[in-house]
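Enquirer: Dropping the structure in here first, questions after.
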Amino acid sequence: MTPTQPTAQDQLAQARAWQRDSSRVTVLSGAGTSAESGVPTFRGPGGLWRDFKPEQLATPEAFHSNPKLCWEWYDWRRSLIAQVKPNLGHFALAQLEQRLQDSFTLITQNVDGLHNRAGSQRILKIHGDIWWTLCLSCNRIQSDFRVPLPDLPPRCSCGGMLRPGVVWFGESLPTLTWEQARKAACDCDLFLIIGTSAVVYPAASLAPLAQSHGARLIEINMEETPLSGSADLSLRGASGEILPQLIDS
Ligand code: BJW
Ligand code: ZN
């Protein structure tokens, strides 16, 4: 007799059981988590801005060769993000944090601040935050929520040029935040990887790291990713629909 494939409902039921049985949960979220809020992802359709690929703009070289153009992209994204709202997936993760308290860690690659706006309190922002600026002269990191920014590129009160407080290709991740993220991956029994293409490193290495320390890995994504094959469960669908069902105990 041919064994029957588990249905999506069976897989969700299994994921819910693992979630209930887990005392320590770590999550890595990516751009897909905010897609249902209306924030374009990086590598999907509709992710382009004036025919530039994110890889052409999200680099220190792109910034230094044309700070104004780079800031125009960030200013456009800030204006877009300011107009959208967190979705049910963001709220479900905030609720899970409320339930598990210190046994829950949210690591995000997202810079949009929507996890904060949904009520998540402790967030490891490994790629920075689009609402932060970094002064190239005095190194001060500050929050700046103005949309649109009055002058591009914006200037610090010290007169120095500001850059977005995000991590670009070829740059190191914030050391302490990254160490905390690695620790949370090594120290959980369930690792959820949500809405990320899992092609950007070192973020994508957290899932196999968690598995090598004994955690179960559940992926939530609309599409297959390089990690789908090694995940213990791969839930195919929108995180805003799946997450509320997953955490509903
Ligand atoms: C849904 C959904 C729904 C849609 N529900 N799902 C060769 C091999 C390995 C590594 C490297 C290499 N060559 C270079 C590297 C290193 C490089 C890297 O990884 N490159 C690869 C691309 C090849 N990494 C770095 O440079 C990092 N730093 C580093 O390694 O430091 C050490 C070092 C120092 C010096 C020299 C060399 C190394 C830094 C990476 C920084 C990434 N920065 C960005 C920009 C942030 C600022 C900004 O926002 O502008 O971070 S790039 C961009 O990609 C952004 C994201 O956080 C990141 C990941 O994207 P994400 O979140 O996965 O989004 P998408 O669009 O790719 O995927 C969306 C997914 O959602 C899809 O799968 C959809 O199916 C899904 N989806 N709707 C559920 N409703
Ligand atoms: Zn300054």
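The values are calculated or read from the model by the stated rules, or taken from the named source; none is laboratory data. Predicted model only: the values in this text are computed from it and were never measured. Neighbour counts run over all protein chains shown; Cβ positions are idealised from the backbone, glycine included.
Enquirer: Mind listing just one residue for me: the one in the range 119-148 that is in contact (Cβ under 8 Å) with a residue 24 or more places away in the chain and over 25 Å from residue 90 (Cβ atoms) and, of those, farthest from ligand 1 (Cβ to nearest atom)?
Expert: Across the range 119-148, the extreme among qualifying residues is 137.
Enquirer: Within the range 160-169, identify whether any single residue is in contact (Cβ under 8 Å) with a residue 12 or more places away in the chain, surrounded by 16 or more Cβ atoms within 10 Å (Cβ to Cβ), out of contact with any Pro (no Cβ under 6 Å at 6 or more places or on another chain) and among the charged types (D, E, K, R), and answer yes or no.
Expert: Yes, the range 160-169 contains a residue that is in contact (Cβ under 8 Å) with a residue 12 or more places away in the chain, surrounded by 16 or more Cβ atoms within 10 Å (Cβ to Cβ), out of contact with any Pro (no Cβ under 6 Å at 6 or more places or on another chain) and among the charged types (D, E, K, R).
Enquirer: While we're looking at this one, here's another question. Would you point out which residue out of 178, 168 is part of a loop (DSSP other than H, G, I, E, B) and within 25 Å of residue 54 (Cα to Cα)? Lay out the reasoning, then the answer.
Expert: Numbers: 178 fails: part of a loop (DSSP other than H, G, I, E, B).
168 is the lone residue from the list that is part of a loop (DSSP other than H, G, I, E, B) and within 25 Å of residue 54 (Cα to Cα).
Enquirer: Evaluate the following for residue 21: is it at pLDDT 95 or above, surrounded by fewer than 17 Cβ atoms within 10 Å (Cβ to Cβ) and more than 13 Å from ligand 1 (Cβ to nearest atom)? Don't jump to the end; show me each part of the working.
Expert: Values: at pLDDT 95 or above: yes; surrounded by fewer than 17 Cβ atoms within 10 Å (Cβ to Cβ): yes; more than 13 Å from ligand 1 (Cβ to nearest atom): yes.
So residue 21 passes the test.
Enquirer: Does the range 189-207 contain at least one residue that is closer than 22 Å to residue 127 by Cβ and either over 15 Å from the mean Cα position of the chain (by Cα) or outside the structural domain of residue 115 (by TED's automatic domain parsing) (or both)?
Expert: No.
Enquirer: Scan the range 1-60 for residues that are hydrophobic (A, V, I, L, M, F, W, C), touching a strand residue (DSSP E or B) at 6+ places or on another chain (Cβ under 8 Å) and not in a helix (DSSP H, G or I) and report the count.
Expert: Step one: of the range 1-60, the residues hydrophobic (A, V, I, L, M, F, W, C) are 1, 8, 12-13, 15, 17-18, 25, 27-28, 31, 35, 39, 42, 48-49, 52, 57-58.
When the remaining residues are screened for being touching a strand residue (DSSP E or B) at 6+ places or on another chain (Cβ under 8 Å), the result is 8, 12, 15, 18, 25, 27-28, 57-58.
Those left that are additionally not in a helix (DSSP H, G or I): 25, 27-28, 58.
Result for the range 1-60: 4.
Enquirer: For the list (1) assigned to a strand (DSSP E or B); (2) surrounded by fewer than 21 Cβ atoms within 10 Å (Cβ to Cβ); (3) outside the structural domain of residue 32 (by TED's automatic domain parsing), I need the number of the one condition that residue 234 fails.
Expert: (3)
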